[in-house]
Amino acid sequence: MSYFAHQPSTRGSALPDPQMGKKYEEEVNYVRKLQKELSKLQENQKSLYEKKTENELVKKEFGLLETESSIYKLVGPVLVKVEQGEATQNVDKRLEYIEEELSRVNKMMKEMETKLIEKQKTLQEMQATLMKFMQAQQQAQKA
């Protein structure tokens with residue numbers, strides 16, 4: 001004959017809110033998701049800054065050219081001659097687009113960082129509540 005002892009877990013109904021453990025887990029997963037999204041935005045931002053720098057250098061080089069200089073654009077495997085004015089205009093449009101994208105990405109990053117800070121505060125509050133509950137439970141068991 002075998003006997004088994006069962007002690008109720010602290011994750012079940014013994015918590016002040018039976019769903020607290022689940023809510024905490026959901027918050028942790030959401031924070032991880034936000035961190036991944038923020039990381040992707042940071043990579044996108046880095047790429048845009050690199051493109052901006054490259055295009056600014058091209059624009060600077062165009063400024064050093066003489067008016068009769070030829071400009072060629074690589075289209076697939078072929079170099080195509082482009083008018084200097086058209087090439088400068090294309091680079092200016094590209095820089096404008098990159099600036100708009102950078103502005104959009106920076107705004108999204110700020111919003112995401114704000115959300116992340118809020119969620120981290122929520123997690124800290126939940127952790128503090130769980131710790132207080134566990135300490136109270138331990139003191140009750142000692143008594």
Relative to the chain, whose Cα atoms define the longest principal axis, helix 84-142 and its Cα axis are tilted in degrees, nearest 10, by 10 degrees
For a 31 Å ceiling on Cα separation, which of these pairs sit above it: Lys93/Lys119; Lys59/Lys107; Lys40/Lys93; Lys22/Lys110? Lys93/Lys119
I'd like the GluC sites (Glu not before Pro) in the stretch 62-143 restricted to DSSP loop residues with at most 11 other Cβ atoms within 10 Å, sorted by number. Glu66, Glu68, Glu83
Only one of the values [x] 35, 27, 13; [y] 63, 16, 10; [z] 31, 24, 14 was calculated from this structure for semi-axes √(5λ) of the Cα gyration tensor in Å; name its label. [y]
Solvent exposure ordering (accessible area, 1.4 Å, most first) of Thr67, Thr53: Thr67, Thr53
Between the helical axis of 20-64 and the dominant principal axis of the chain, each derived from Cα atoms, what acute angle in degrees is found, rounded to the nearest 10? 10 degrees
Which aspartates and glutamates, on any chain, are close to Lys51 with Cα under 16 Å apart, when same-chain ones fewer than 8 places away are left out? Glu43, Glu61, Asp92, Glu96, Glu99, Glu100, Glu101
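Can you give the longest run of the chain that contains no chymotrypsin sites (Phe, Trp or Tyr not before Pro) sitting in a DSSP loop with at most 10 other Cβ atoms inside 10 Å?
Looking at the chain, 5-143 is the longest stretch - no exposed chymotrypsin sites (Phe, Trp or Tyr not before Pro) with at most 10 other Cβ atoms within 10 Å.
Quick check: at a probe of 1.4 Å, how many percent of the accessible area of the chain sits on carbon and sulfur atoms? Write out the running numbers ahead of the final one.
Details: 6050 of 11550 Å².
Summing carbon and sulfur atoms, their accessible area is 52 percent of the total for the chain.
The values are calculated or read from the model by the stated rules, or taken from the named source; none is laboratory data. On a predicted model such as this, the values are computed, not experimentally measured, just so you know. Ideal geometry is used to build each Cβ from the backbone, glycine not excepted, and the neighbour counts take in all protein chains shown. When the accessible area is computed, the model is the full protein with side chains, heavy atoms only, and any ligands, DNA or RNA have been set aside. Shrake-Rupley method; radii C 1.70, N 1.55, O 1.52, S 1.80 Å.
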